[in-house]
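What follows is calculated from the coordinates using simple rules that are stated; it is not laboratory data. Remember, predicted model here, so these are calculated numbers, not experimental data. All Cβ positions, glycine included, derive from the backbone under ideal geometry; neighbour counts span all protein chains shown.
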Amino acid sequence: MGRNRKQDIELYQAFFAPVKLSDENINMYWCSLIVEELVRNQVVYFCISPGSRSAPLAVAAARHPAVDMIVCYDERGAAFHAVGYAKACGRPAALICTSGTAAANYFPAVVEAFMDYVPLIVLTADRPPELQDTAANQTIFQSHLYGHHTRWFVNFPCPDSAISSKMVLTTVDQAVYKAKGNPAGPVHINCMFREPLAPSPAPMPSGYSRDIRQWQEKDSPYTCYAEKTSRTASSTNDRLRAVFQKATRPMLAVGRLRRHEDAKAARGLAEKLQWPVYADIASGLRLGNKSKYLLSHFDLLMLSEKLMSKHQPDVILQIGGRMTSARY
């Protein structure tokens with residue numbers, strides 16, 4: 001059955017009314033800021049692996065009406081699920097886990113996301129500085145845990161009313177910008193928390209959120225970044241045009257593509273050029289509406305020396321990422 005008018009109004013109010021931030025304690029307040037700003041940046045899919053230290057983040061995500069959330073107790077599986085989601089739709093998912101070895105279990109998926117330019121937001125909870133290097137339970141060195149395999153890393157301090165709320169918002173905005181940038185990839189936000197971890201009442205200074213009141217009344221991110229555009233020089237275009245016009249056996253090779261929009265553009269380019277197309281298994285061009293210029297089983301055809309000697313392309317235009325085949 002469909003929703004009635006009352007339900008439609010309640011849904012509208014939940015999504016578009018000024019955001020209500022959790023104010024039970026400073027931990028919950030910061031985490032509600034983090035989740036709300038991620039949602040405003042169109043990060044709405046959260047993969048949560050529960051743990052006590054990450055409770056403020058998990059509760060904030062669970063409370064948000066726009067968050068689509070799954071719970072996965074295996075951090076490794078949750079991370080690869082998030083990578084698959086981002087590959088499928090081109091938008092980053094957010095991962096949440098507790099401190100210690102839980103965060104280390106994300107490592108294989110983070111590396112894959114880095115190598116394949118997949119956007120990913122990794123939120124790891126951590127012990128406060130005074131508990132680190134003291135043999136405290138589930139405490140490891142989480143600063144730059146994933147080494148060079150992230151596009152950006154930030155170590156959030158423990159929530160403190162002496163730190164402006166604006167810092168939280170601008171940091172989240174920068175993280176999403178880096179994750180979705182060129183090149184895209186995983187970003188790591190390490191969040192340290194002191195007690196209380198549960199949403200239990202603890203006094204907060206009155207007027208602490210005064211500096212973001214205008215942000216609360218809107219539905220856009222606190223910081224907006226201008227999109228980068230790139231254009232080839234006219235001299236480069238002229239050289240390419242000359243090469244293409246002289247080609248007698250041209251071929252369009254399409255490597256790994258990250259987004260459906262890229263595959264659609266590649267398919268359009270193939271139709272315009274009317275060249276034979278060698279599409280990698282990860283290009284997305286072998287699925288759905290196939291181009292009539294697509295060379296089926298070309299990887300096997302390359303095994304024939306006789307065929308390749310007669311039909312060796314004299315010009316190859318490659319777009320997309322690396323090719324899977326070792327014969328290319």
**Item:** Residue-by-residue Karplus 3J(HN,Hα) for segment 64-70, coefficients 6.51, -1.76, 1.60, Hz, glycine and proline x
**Value:** 6, x, 8, 7, 9, 10, 10
**Prompt:** How big is the chain by the Kirkwood estimate over distinct Cα pairs, in Å?
**Reply:** 22.6 Å
**Prompt:** Using θ = phi - 60° and the Karplus curve 6.51 cos²θ - 1.76 cosθ + 1.60, what whole-Hz ³J(HN,Hα) does each residue of segment 166-180 get, with Gly and Pro shown as x?
**Reply:** 4, 4, 4, 5, 5, 5, 4, 4, 5, 4, 5, 4, 5, 5, 9
**Message:** Taking the square root of 5 times each eigenvalue of the Cα gyration tensor, what semi-axes in Å does the equivalent ellipsoid of segment 234-319 have, largest first?
**Reply:** 20, 20, 10
**Message:** Within a 10 angstrom radius of the beta carbon, how do R322, R231 rank from fewest other beta carbons to most?
**Reply:** R231, R322
**Long-range HN-HN contacts of L120 with modeled amide H, under 5 Å** = G185, V187
**Request:** Would you list, by chain and number, the aspartates and glutamates whose Cα falls below 17 Å from the Cα of K178, excluding same-chain residues fewer than 8 positions away?
**Result:** E37, E112, D116, E227
**Prompt:** If we count every other residue with Cβ under 11 angstrom of S325's Cβ, Lys/Arg +1 and Asp/Glu -1, where does the sum land?
**Reply:** 0
**Prompt:** Whose amide H sits under 5 Å from the amide H of V315, counting only residues 5 or more places off or on another chain, with H placed in the peptide plane?
**Reply:** R249, M251
**Asked** Ordered by residue, what ³J(HN,Hα) values in Hz, to whole numbers, does segment 217-225 give under the Karplus form 6.51 cos²θ - 1.76 cosθ + 1.60, where θ = phi - 60° and Gly and Pro are x?
**Response** 8, 10, 10, 9, x, 5, 10, 10, 9
**Prompt:** How far, in nm, would the chain grow between T229 and Q214 when pulled straight, counting 0.36 nm per residue and subtracting the alpha carbon separation?
**Reply:** 2.4 nm
**Message:** Given R₀ = 56 Å, what would the calculated FRET efficiency be for S304 paired with C89, taking r from the Cβ atoms and rounding to 0.05?
**Reply:** 0.90
**Asked** Once you wrap a convex hull around the alpha carbon atoms of segment 89-199, what is its projected area averaged over all directions, in nm²?
**Response** 7.5 nm²
**Prompt:** Where Lys and Arg each count +1 and Asp and Glu each count -1, what net charge lies around L307 among other residues with Cβ under 14 Å from its Cβ?
**Reply:** +2
**Prompt:** Given +1 on the Cβ of Lys and Arg, -1 on the Cβ of Asp and Glu, and no further charges, what dipole in debye does segment 5-216 carry about its Cα centre, rounded to the nearest 20?
**Reply:** 460 debye
